[in-house]
Amino acid sequence: MTNSKRKKNRKMIKGFKHFLNEMIMDTHVTTHMRGQPLHKGHELVVNKILDVAKKTGGSHSIILSHTHDNKKNPLHPSKKLKYAKKAFPNANVELASNELPSILHHAARFYQQGVKNLHVVVGKPRVKEFETLLNKYNGVEKKHGFYKFNTIKVHSAGKRDPDAEDIKGMSATKMRQAAYDGDREMFHANSPSAMSEKDKDGMMKDVVKGRKKINEEVVGSVDARGLGFVTGVPAVQGSEIANYVEKNTADSDQKDNILKTFKKFHIDHHTKIFKSFLDKK
């Protein structure tokens, strides 16, 4: 067999394995993470997912939130997906979307794809929260869709202690601060182990870059025409904005960011008017 044929066969085998990994079985293991940015705490979650999937013979997916702003979510979704694939090369990683923003939306999607048993992996403090949430809507039709699993099991990926010195104490907040402080050693030491030095540097750079940008994507993620965002002159009351956001977004961070942006535009606009008035005096 020639080298070219061997390479072709290896490529076909790799592609087939990837196809098998992405197939949705009747048992599915998943999680929903922000990853702003990714760190070794996320690696614990992913490893737990792969372990549960192997033990149950199920398929799996890592769903990354699509929230993007310049404070708590500086990484653009496409960048986050890029780094997640580098960080977790053996995992199936995908992005949430405006159409499928929450774990409930994806639960409904998995059910439609034939999943009968759902497993979700989260940090220990959130196990009860997810058990309650997922079971509350099992068999109940809502805006997120419909699902009725035979079993729903929420697994703990380990207790998170943000003040500990080991990887269980690492948080995205600490990672962002390390990036802002230019602490390359700390950022690299706590990034997922599969990432190269180059990718860690790239992620650190993108975190800093994302912080400096005005949050245009969050504003653009809902149709804000008629609410004053197009002209920069908010023409409605804050309560009306809040009602609109509540009806059109599902992510709590996203709601907060849109409302904060509205307030900023509102304040900036009236500040400009006042300054203009003073200049004419």
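Throughout, read-outs are computed from the coordinates displayed, never taken from laboratory work. Note that the structure is a prediction, hence the values are computed from the model and not measured. Neighbour counts run over all protein chains shown; Cβ positions are idealised from the backbone, glycine included.
If you take the Cα Rg of region 28-76 and divide it by 2.2 N^0.38 Å, with N the number of residues, what do you get? Walk me through the numbers on the way to the answer.
Working: Rg = 12.6 Å, N = 49, 2.2 N^0.38 = 9.7 Å.
Scaled against compact globular proteins, the figure is 1.30.
When a/c is below 1.5 the answer is rounded, else prolate if a/b is larger than b/c, else oblate, so apply that to region 16-212 with a ≥ b ≥ c taken from the square roots of the Cα gyration tensor eigenvalues.
prolate
Full extension from Asn98 to Ser156: what is 0.36 nm times the residue separation minus their Cα-Cα distance, to one decimal in nm?
Details: separation 58, 0.36 × 58 = 20.88 nm, distance 2.74 nm.
Length gained, Asn98 through Ser156: 18.1 nm.
Please give the length that would be gained between Lys116 and Glu131 if that part of the chain were fully extended, namely 0.36 nm times their separation in residues minus their C-alpha to C-alpha distance (nm, one decimal).
On the way: separation 15, 0.36 × 15 = 5.40 nm, distance 1.62 nm.
Difference between extended and current length: 3.8 nm.
How do Glu94, Glu43, Glu185 line up, fewest other C-beta atoms within 10 Å first? Intermediate results must be reported in sequence, preceding the final value.
Values: Glu94 15, Glu43 21, Glu185 8.
Ranked by crowding around the Cβ, least crowded first: Glu185, Glu94, Glu43.
If the chain between Asp201 and Glu141 were fully stretched, how many nm would it gain, using 0.36 nm times the residue separation less the Cα-Cα distance? Please report the intermediate quantities before stating the final value.
Details: separation 60, 0.36 × 60 = 21.60 nm, distance 4.47 nm.
So the chain would gain 17.1 nm between Asp201 and Glu141.
So which of Lys124/Lys209; Lys71/Lys143; Lys86/Lys128; Lys116/Lys153; Lys85/Lys205 end up more than 21 Å apart, counting from Cα to Cα?
Numbers: Lys124/Lys209 32 Å; Lys71/Lys143 29 Å; Lys86/Lys128 31 Å; Lys116/Lys153 12 Å; Lys85/Lys205 18 Å.
Among Lys124/Lys209; Lys71/Lys143; Lys86/Lys128; Lys116/Lys153; Lys85/Lys205, the Cα-Cα distance tops 21 Å for Lys124/Lys209; Lys71/Lys143; Lys86/Lys128.
Please arrange Ser191, Ser171 by how many other C-beta atoms lie within 10 Å of their C-beta, fewest to most. Write out the running numbers ahead of the final one.
Details: Ser191 28, Ser171 16.
Listing Ser191, Ser171 from fewest to most nearby Cβ atoms yields Ser171, Ser191.
In the neighborhood of Ala87, defined by Cβ-to-Cβ distances under 11 Å, what is the net charge if each Lys or Arg adds +1 and each Asp or Glu adds -1? Provide the component values of the computation, followed by the final result.
Numbers: positive: Lys40, Lys80, Lys82, Lys85, Lys86, Lys200; negative: Glu43, Asp199.
Charge balance in the 11 Å sphere: +4.
Order these by the 10 Å Cβ neighbour count, fewest first: Val93, Val29.
On the way: Val93 21, Val29 26.
By the 10 Å Cβ count, ascending, the order reads Val93, Val29.
Simple spin-label model, 7 Å along Cα-to-Cβ: Thr2 to Lys209 in nm?
4.2 nm
Once you place label points 7 Å from the Cα toward the Cβ at Ser193 and Ser171, how far apart are they in nm?
2.5 nm
Count charges around Lys55 for me, please; just the other residues with Cβ under 13 Å from its Cβ, Lys/Arg as +1, Asp/Glu as -1.
Values: positive: Lys48, Lys54, Lys153; negative: Asp51.
Cβ neighbours under 13 Å give a net charge of +2.
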